[in-house]
Structure formats: C-alpha cells, structure tokens
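Participant: Provided herewith is a single structure, encoded as structure tokens, for subsequent inquiry.
The values are calculated or read from the model by the stated rules, or taken from the named source; none is laboratory data. Since the model is a prediction, treat every value here as computed from it, not as a measurement. Note that we place each Cβ from the backbone using ideal geometry, even for glycine, and neighbour counts take in every protein chain shown. Surface accessibility is based on the protein's heavy atoms, side chains included, excluding ligands, DNA and RNA. Shrake-Rupley method; radii C 1.70, N 1.55, O 1.52, S 1.80 Å.
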Amino acid sequence: MDRTDEKFFDSAFDLKNANLSKRKLREMINQQMIEFKEFVENRKIEEYGKELRKTKGYGNKNLRILAALLVEPSKREGLSTDELQFLYTRLVLETKEDITTIERDSYDKEADMKSYKLLFKIRDENDYLFQAISEMARLLGRSETSNEWNGYDKWVGDENVGKENLIKKITEDINKCYRRFENELRYRGVHVKKRPIFSKKRCNAVFMTPYIYPVLPLLFVLNAIYKVRGDGHKHDKADLLKYNTFCSLTDNVYETFVLSEASEHLLENVEDVLVAHLSLYKSTVFPARKYRGIDLRYAGEPRSERALFNRHIAFAFPLCRAKKLAEDIAEECSLDDKQAAELSRNLPKYLLDKTYGESKIKEKYGKKALDIIKGFRILADPTTYLADSTTYYQNKKLTEIYKAEVWSRLQGSAKNMFVNPDETLKNYPEELYGFLEKYFEYISLSKYVLFHSAPYYPLYGKERALPEHYRKLVHKFKNSCRKTEDEYKEELFRDMKWETVKEMRPSLKSDILRSFTPQRAIDYLLADLERKPNDESNLLQQINLYLEKNHIAISPLPSGSNEICAVHKLMRKTAVNVVGHYAAAMIVSLHIQELQRRNCEEE
C-alpha cells in the first residue's frame, strides 16, 4: 500500500475491498494495523488511567483504548467516520489479544476480519434504508393526498364525512394508545415532561401516498416520544424521520431503557389500530423465515405454497440486498469494473428514487440493465404489496402479485434474471421463494427506524431489542467481558459466604441501575481494572467511592457486608452492558453522519 498519499484507513471501505480474497484482505489489514499501532502509541491512548495488571477475558489494554476513544474527543481528532467505525467495531469484537497486533496463523477467527465483514454488511443495509427513509421524508414534506383514498369520499354538502369519520375513529384509538404509553412511563418512574396528544391534523398523514405506509406507525410513535421528552420544538412529519446522531455520555441509561421498551409497546398498539381501520392495508403473506438456517426448498419433501409463504408483517418493507443484486446485474449485463462499482454504489437510489431518470441509467449501463432495474423497482416498492382502490389484491397471494405486476411487465432478455412462472409452473412457489430470499428481506421498517430516529439510543437492556448487526456487537462485547462465578469468587474472597444478585433487595437493584450513565459505566470498569484482587477493603472502597461521587441515594456499604460481592457483580455487569450499547450507538451515529455527508455532496 502506498502510504505517501493515503492517511490511516483512507481506503478501508472502498467497495472493491468488500470482495477481496482472504489473503488480499489480510495483507491490507496487516498494513493498516501497523499504522494503527503507530497511531495508538503516538496518541498514548492506552495510557487512559494506570495499567496495574493484566486481566482475564477482555484485554486490559483494549478496554483502555475503547474508553479513551469514547470519552476523550481529543483522542478522536483527525480520524474520519470510517476510521472510527472500524476501530470501535474491532475493539468491541476483540477478546484477549492485543488489538495492535495480528496473529498471522488465523484467518476466520480474527477480530479484524470479522470487523471488516460485519461493517460491510452494516453499510450495505444502512445505505439502502437511508435512501428509503430519505425518499419517504421527501414525500412527507409534500403533504399531498393520494387518489387511492377517493373510495372513502362521502360528501354531505361541502363536508367530506367519509374521511372525517375515519380520522375521528383513528384519532380516538391512538389517543388511547398514548394514554397507555404515558401511564407505563409514569409507573416505571420516568418523568413525562408533556402529555402526548394525537391531533386530527397529524392523523391526516393516513391519506398521503401509501408509499410512506411502512413508516406511518413510526410517525405517530415518534410524535408521542418527542412530547414526553419535552424538547420544546414542533416537528413536522418529515422532521420526525430525521436520524439521531447524538450520543451523550450523561444520558440516564434507565430512562433510555424504559423509553425503548415502552415505545416498542406503543408501536405494536398503533400498528394494530391502523391495520384495523385502513382497508388499503391487506395482509399479504411473505416468505417464511428459514428454520435454523435451513432452506425450506430443500428440507425434505417439496413444501406447499402455504408453508413457503406464511409470514404476516404489518406495513412490511422490502429490504433489498442491493450489493448482491448489483453483482448479479453486472455479471448478467457484462459490465466492466468501473460500471459495476458505480452500479453497486448507486443501485439503492435507482430502485427507490422514482424521479431518477431512466435515460441516465440506460446511458450508463445499457437497455438490458435498465429493464432489469425496472423489474426490481416494482418489487422494491412497498405499495406493490398493498391493495388498490378496488381491493383487487385483497385475497391474492404473493405468487399472483409477482406474476401480474412483475413478470408481465418485463421485456426481452431482462427476463433471464427473474423466475418464469410459466416454465416452472409445477415448482413455481419454491422458485419464487428462493428468488425473493436471494434479493429481499421483508421487515418491519418502523421497528428498525425507531432505533435510528428516536431522540435517544437505548443504553441498557437485552441486545435482542437492537437491529441485528448491532445486536451481534453488544452480545460479543458482553460475552468477552463476562466472568464465571468461580472467577468472581477467586478474584474477591473465595472463603467468604456471599449473597448472589438474585438474593439482593429489589430496591437496591433498581437504585443501582438508575444510577448509571455511559460515563459512570466507563469509570467503574476502569476503576475495576486497578483494583487489587482478593482484597475486601479495596473493593469496598471502589463501590463506596462510586456511590459517593455520583450522589446516589444508597447508603455506603459497611465492611463485612454480605452484599459487597453481589453489588459489585451487578454493577460490573450493568457497566459492561452500558458500554457495549454506547459503543454500538457510536458506530450507528458515525455511519449515519457519513451517509448524510455523502448525500449532501451528491445533491
């Protein structure tokens, strides 16, 4: 690698690197790790606190580097968002090895390899969804009523009582959902700054283009969240969808945890209300999930259409595996390397932005590529899976929708990329299932974007509440930092009878959780690195110093208390959970900032 013109990690995320062989990717990473080691040494990042001893499990040095990057802005100066994403991901995925070294004997188990592969997956998915949300925000900003709703018109004089009655029913039911949301927050001790109220004006969004339906429930949920958080600003529909890029070291993790859970409950209730009232939404059944990774097409006897297509998703969104699709289009159309790279970068825009001119696509890649993209545009459009004004698809299946809406519109050799329902009539459901699984995943977009657009990040809790890829990061970090019961006893006082976390007073557990912020969690883990093992007084000092420094309403623990070990174990597990969530939030924030910057440059 020529290092005269490139600074640290400048080329780390070139699209061409996504498909490098393990050997070539390894060579590139090895060179960058040399630069990273110099970077760590020059900035003295690992000197964040005194390193007194080595620890089992997650490396002492690694934790100090992660803490320094998270806490001290000066340590991040001069690093691009790409560089920081890689460093955070590698630190979170790392276990025992020194992060500034490479074990040359291993390829598959290396954290650096996993970091690259995982980040490429995250970027591929987020790039597509960011484009989808940007398009929906653009449509929301226009505030136009869709013609699809003309069937609801019922005029009495100058008043449209048909639409008025629908708005009244939806508004009443969603306000009931808001009351349950508010009561849940109050019951769990979260301060509600302003009571959420759902207005008829806000409800008029249901009459906009059905293209925004995948985020319609989310709009109404975010409206309530901003009310209870009380930021003092009015938010129009498009503003509610703006991605959150603010990560705070001082956020109370308990409040973000409760808000996250209560918001998910509210989202489920709002979806139920909208499904019940909106006749345009019909429950199309989508491809079944693979059972433990088994492809249903080849699991024994051929499966029936009902077995292959049986998932009901409220306001489903077709998430395209754009990178895979771009590779196959490039191969089918014999595009050169430059064209293939440009297609991979721009395909989300071609599929989701209907205003993008077809003549431009044809000029860049040829007519065959354009015809293929036009076919996938139909599958990428969420309105394809909704009923039309005549409820034509009310009882139809995805196999029928594909045949009528996609196959019938394809032209010439572009059909080679698609399933032919006529030639494969007997195995058509299985072939269509495999085709859709290859290029699409049908998801609840509202649940995904709730994590990105809410004015907070969940900083504590079970990782299952996070989007899939971030879930893996937090899970790995927690496992790397976990200690066994025997390790806790050996490190503390093996002969002492000590209380377990399950035996602790519930009020003490609650008070400890309510006390944490990301900053306090990092400080506690660093203090734990410096604690002397098997020393009761030193551990007691560490716990009581935390309680005193943070003005927590918990009395200092006396010497000899059988709660000492349990309190420490709970505090350490909570701190690890919080740091993992905060690091994942930082990776999300950095990638969104990069997408926003790139989007502004392209405009």
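Participant: Quick one: order His191, His235, His591 from most to least accessible surface, probe 1.4 Å.
Facilitator: From most exposed to least exposed: His191, His235, His591.
Participant: Oh, and also: Compute the signed sum of charges (Lys and Arg +1, Asp and Glu -1) over the other residues within less than 13 Å, Cβ to Cβ, of Asp422.
Facilitator: Residues near Asp422 contribute +1 overall.
Participant: At what distance in nm do the modelled label points of Met504 and Glu423 sit from each other, each positioned 7 Å from its Cα along Cα→Cβ?
Facilitator: According to this spin-label approximation, the distance is 6.4 nm.
Participant: Quote to one decimal, in nm, the extra length available between Asn175 and Gln411 on full extension: 0.36 nm per residue of separation minus the C-alpha distance between them.
Facilitator: 80.1 nm
Participant: In addition: Amide H to amide H under 5 Å from Ala288: which residues, 5+ apart in sequence or cross-chain, H placed 1.01 Å off N in plane?
Facilitator: Phe309, Asn310, Arg311
Participant: For a quick check: with amide H placed at 1.01 Å from N, whose amide H comes under 5 Å from Leu319's, ignoring anything fewer than 5 positions away on the same chain?
Facilitator: Sorted by chain and number, the residues that satisfy this are Glu441, Tyr442, Ile443.
Participant: Could you list which residues have their amide H under 5 Å from that of Asn550, counting only those 5 or more apart in sequence or on another chain, with H placed in the peptide plane?
Facilitator: Those qualifying (amide H under 5 Å, at least 5 residues apart or on another chain) number zero.
Participant: Right, something else. Report the one residue of Phe435, His452, Gly412 whose Cα lies farthest in the direction of the positive end of the charge dipole of region 411-453 (charges on C-beta: Lys and Arg +1, Asp and Glu -1; origin at the Cα centre).
Facilitator: After comparing all options, I get His452.
Participant: Ignoring ligands, DNA and RNA, what percent of the 1.4 Å accessible area of region 215-282 is carbon and sulfur?
Facilitator: 46 percent
Participant: So what are the ³J(HN,Hα) numbers for region 333-349, from phi and the Karplus equation (6.51, -1.76, 1.60; θ = phi - 60°), rounded to whole Hz, Gly and Pro as x?
Facilitator: Listing the rounded values in order: 9, 6, 6, 7, 4, 5, 5, 4, 5, 5, 5, 4, 6, 9, 4, x, 5 Hz.
Participant: Something else now. For Arg482, what accessible surface area do you get with a 1.4 Å probe? Give it in Å², rounded to 10.
Facilitator: Answer for Arg482: close to 140 Å² accessible.
Participant: Express the accessible area of region 336-389 per residue in Å², computed with a 1.4 Å probe while the remaining protein chains stay in the model.
Facilitator: Heavy-atom accessible area per residue stands at 43 Å².
Participant: What is the sum of charges around Glu184, taking Lys and Arg as +1, Asp and Glu as -1, for the other residues whose C-beta is under 12 Å from the C-beta of Glu184?
Facilitator: Local charge sum for Glu184: +1.
Participant: What pairs from Lys121/Lys415; Lys426/Lys447; Lys168/Lys354; Lys242/Lys509; Lys234/Lys478; Lys121/Lys362 go past 31 Å between their alpha carbons?
Facilitator: From the list (Lys121/Lys415; Lys426/Lys447; Lys168/Lys354; Lys242/Lys509; Lys234/Lys478; Lys121/Lys362), the Cα-Cα distance tops 31 Å for Lys426/Lys447; Lys168/Lys354; Lys242/Lys509; Lys234/Lys478.
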